1. Being in contact with a strand residue (DSSP E or B) (Cβ under 8 Å, 6 or more places away or on another chain), among the hydrophobic types (A, V, I, L, M, F, W, C) and part of a helix (DSSP H, G or I) narrows it down to one residue among I94, I118; which is it?
2. Find the residue count for the stretch 131-174, including only residues that are in contact with a Phe, Trp or Tyr (Cβ under 6 Å, 6 or more places away or on another chain), among the hydroxyl-bearing types (S, T, Y) and farther than 13 Å from G119 by Cβ.
3. Those residues that are part of a helix (DSSP H, G or I) and within 27 Å of H235 (Cβ to Cβ), I need them from the stretch 121-136; list them, please.
4. Say whether the condition of being touching a strand residue (DSSP E or B) at 6+ places or on another chain (Cβ under 9 Å), among the aliphatic types (A, V, I, L, M) and surrounded by fewer than 19 Cβ atoms within 10 Å (Cβ to Cβ) is met by at least one residue in the stretch 159-166.
5. How do the pairs read when you match residues in the stretch 29-49 that are farther than 16 Å from R208 by Cβ with residues anywhere that are in a strand (DSSP E or B) and of a type in the set (A, V, I, L, M, F, W, C), using Cβ under 7 Å and keeping only pairs 6 or more apart or on different chains?
6. Before we move on, is T24 free of Cβ contacts under 8 Å to residues at least 40 places away in the same chain, of a type in the set (S, T, Y), part of a strand (DSSP E or B) and exposed (fewer than 14 other Cβ atoms within 10 Å of the Cβ)?
7. Hey, can you tell me all the residues within the stretch 63-80 that are under 16 Å from the mean Cα position of the chain (by Cα) and not in a strand (DSSP E or B)?
8. If we keep just the residues of the stretch 131-158 that are of a type in the set (S, T, N, Q) and surrounded by 15 or more Cβ atoms within 10 Å (Cβ to Cβ), which is modelled with the lowest pLDDT?
Amino acid sequence: MKYKTTANLILRKSAAKKSLKILTIGKGKIVKTLNNTIRWDGNLPYVKVKYNKKTGYVCAKYLKGYVIKSEKTTSKAYPLNLHISNGTSEMLDIKVPQQDAFGEWLDKHGCSIVAACIGLQLKGIFKSPSELYKVAAKDYKRFMPNKLTLYGTSRLLMRYIKNGVSYHELKSNTGAEDIKRIDAAVRNGNFVLIEQKNPIHTNIIVGRSGGRTVIATNGTIKYTTVTKLIKIASHNATHNGYIIIKK
């Protein structure tokens, strides 16, 4: 899978800061990852890549949208933390909520609100699913035939994010245009909420790991591809589409 660099990176022979330098990769260049394995040198995560016919290791902190690490916690409400490339020396830390920790309604119908909780964290905003549910039930009730629709979720997100949230309807089952748009969004470090069918459920793409697309849902993560997500996407008149949250 291809990634864009966010800084000048040194391509090294092995996964270590003091390893032999092969060459310097410029900012904004495209590298191809060769596996899904992160190798650590202290607090520096390295991944194997290919660039300009050369193979070596670079620091994954500077590859846009790379999901570097997931770790379990002792919290029932937020059992998983994700550490995602922020394009700088500091990683983006995301708390992944567990639906059944926030009451019966959110357990049964709260997937889109939980996804919104995760999505807001991309912008440094933390609102618990319970807080978001109270706001949705008060101000966006018309978008809650049962669960909050994805369009309604976009309105909820726009309440907190003034610019950078866009809602898109799926046009077809093949979704070539949608795949291209979602792929581009994820490559640029953005998050994407997408509705699936059978059962209706909201997933959120939080980045990529090697050659895999990473979705966060209900206290855990899963690995898939954008093409597979489009194939199982909902075209229901009420529950349809996807949301892009720009970084």
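The values are calculated or read from the model by the stated rules, or taken from the named source; none is laboratory data. From a predicted model like this one, the values you see are computed outputs, not experimental measurements. Using ideal geometry, Cβ is built from the backbone for each residue, glycine included, and neighbour counts are taken over all protein chains shown.
1. Numbers: I94 fails: part of a helix (DSSP H, G or I).
Just one listed residue meets the conditions, I118.
2. 2
3. Within the stretch 121-136, the subset part of a helix (DSSP H, G or I) is 121, 129-136.
The answer is P129, L132, Y133, A136.
4. Yes, that holds for at least one residue.
5. L44/C59; Y46/V58; Y46/C59
6. So T24 fits the description; yes.
7. Those that are under 16 Å from the mean Cα position of the chain (by Cα) and not in a strand (DSSP E or B): K64, G65.
8. T149
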